[in-house]
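None of the figures in this text is laboratory data; all of them are computed from the coordinates on show. Quick caveat: nothing in here was measured; it's all calculated off a predicted structure. Cβ coordinates were reconstructed from backbone atoms using ideal geometry, including for glycine residues, and neighbour counts include every protein chain displayed.
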Amino acid sequence: MAGLTHLSVVVLKFSDPCGLHSFLSMYNHPIPPHPTPEPWHIRDTIFQWGYRTYVMGVLNVTPDSFSDGGKYHSLPSALTHAHRLVAAGADLLDVGGQSTRPGAVTISLEEELERVIPIIQAIRQGTNEFPPLSIPISVDTTRVAVAQAAIAAGADMVNDISAATFEAEMLTAIAQLAVPLILMHIRGTPQTMQHLTDYPDLINHIYDFMAERIEAAIVHGIPKTRLMMDPGIGFAKTYDQNIQILQHLPQFISLGCAILVGPSRKSFIGHFLNQPHPNDRIWGTATACCAAIAGGAHMVRVHDVWEMVQVCRMADIIWKSKPDAMEASPSVGI
């Protein structure tokens with residue numbers, strides 16, 4: 001009994017700087033029934049939202065991204081990594097040539113094209129060393145010209161961190177290309193966004209912003225069924241605000257679009273876990289992915305694909321509760 005009393009004291013004294021109690025409370029409040037977004041059919045892949053969580057593998061062909069900048073800047077290294085991500089279980093590759101880390105300098109259009117188009121072509125066409133891949137590819141860009149060239153080169157969709165606000169013609173271009181579009185919440189630009197984190201109500205602000213951008217896309221001729229929303233973890237958000245997004249993610253379900261969450265290796269994880277190097281944030285990333293899945297995310301964008309595929313698989317068994325997801329598992333065990 002003395003030991004139990006001591007334990008109770010420890011629990012009562014436990015501080016909750018990361019909102020852990022609030023996060024755990026989600027499990028006592030199931031997500032209300034809601035219409036499931038219509039599936040996406042891209043090449044050989046059917047993205048059946050709600051069936052399982054899909055994993056987007058990050059392929060940054062940049063010299064200055066916050067986590068892996070410079071590692072895959074050359075075509076051979078980028079192509080090798082693309083095949084590594086596919087072998088690890090990625091459902092989709094997200095290719096980006098413009099770093100969007102806080103303070104990142106905007107490169108020229110020509111440079112972004114030179115970084116992005118050759119790797120997409122190499123993935124699709126193959127080389128003497130690597131066979132062609134049919135995996136779906138998204139291009140991470142805010143530029144219309146890059147989006148158009150990437151789709152022509154073999155990409156299948158566009159991931160725009162500005163929700164198509166940096167270039168007004170983006171929505172028209174996407175409607176003409178007839179491809180899916182990811183709309184992400186941001187304030188300002190990567191150079192200014194971390195000075196723009198004062199929100200009267202963060203979650204309602206993101207919701208209203210996304211509702212407006214979804215409506216704008218529809219007005220421009222993009223069917224809602226081709227849209228995905230991303231609340232923009234790490235973009236114009238403080239450390240605590242990123243936690244709030246994960247805690248309140250179910251509030252975005254009523255927007256009616258598939259939800260992408262990208263917490264991978266980000267600085268809020270390093271802050272709370274005292275891990276200054278991005279490569280040491282894998283366990284925090286895994287926890288954030290679990291929170292996202294529990295909150296209704298349909299896809300996660302990650303660097304560590306092999307590990308996060310396993311995390312998503314187990315999280316799906318717990319939270320998505322699909323009977324066939326457990327068919328291969330023994331019914332008894334420790």
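Other residues within the sphere of radius under 15 Å centred on the Cβ of residue 165, judged by their own Cβ, net out at -4 (K and R +1, D and E -1). Exposure proxy for 293, 42: other Cβ atoms within 10 Å of each Cβ, ordered fewest to most, give 42, 293. In plain terms, the chain from residue 176 to residue 34 could stretch by 48.1 nm, reckoned as 0.36 nm per residue minus the Cα-Cα distance.
Extending 7 Å from Cα along the Cβ direction at residue 240 and again at residue 83 yields two label points whose distance is 4.9 nm. Karplus-based coupling profile of region 101-115, in residue order and whole Hz: 5, x, x, 4, 7, 6, 8, 6, 4, 4, 5, 5, 4, 5, 7, with θ = phi - 60° in 6.51 cos²θ - 1.76 cosθ + 1.60 and x standing for Gly or Pro. Across region 205-282, the mean sequence separation of Cα contacts (distance under 8 Å, 6 or more residues apart), normalised by length, yields a relative contact order of 29 percent.
Computed over region 102-189, relative contact order equals 24 percent, with contacts defined as Cα pairs under 8 Å that lie 6+ residues apart.
Using C-alpha pairs under 8 Å with a sequence gap of at least 6, the mean separation divided by the residue count of region 52-320 gives a relative contact order of 19 percent. With the simple spin-label model, which puts each label point 7 Å out from Cα in the Cβ direction, the residue 306 to residue 283 separation comes to 1.9 nm. Annotation: extensible slack from residue 43 through residue 211 equals 57.6 nm (criterion: 0.36 nm per residue apart, minus Cα-Cα distance). Roughly how far apart, in whole Å, are the Cα centres of region 81-100 and region 115-148? With region 81-100 and region 115-148 each reduced to a Cα centre, they are spaced 10 Å.
Scalar couplings 3J(HN,Hα) for region 252-267, obtained by applying the Karplus form with A = 6.51, B = -1.76, C = 1.60 to θ = phi - 60°, are 8, 4, 5, 5, x, 10, 4, 10, 10, 10, x, x, 4, 6, 6, 5 Hz; x denotes Gly and Pro.
Summarising the label geometry, the points placed 7 Å from Cα in the beta-carbon direction at residue 225 and residue 254 lie 2.5 nm from one another.
State the extension gain, in nm to one decimal, for the chain segment bounded by residue 318 and residue 218, taking 0.36 nm per residue of separation less the distance between their alpha-carbons. Don't skip to the end; give the middle numbers.
Working: separation 100, 0.36 × 100 = 36.00 nm, distance 3.47 nm.
Taking residue 318 through residue 218 to full extension adds about 32.5 nm, to one decimal.
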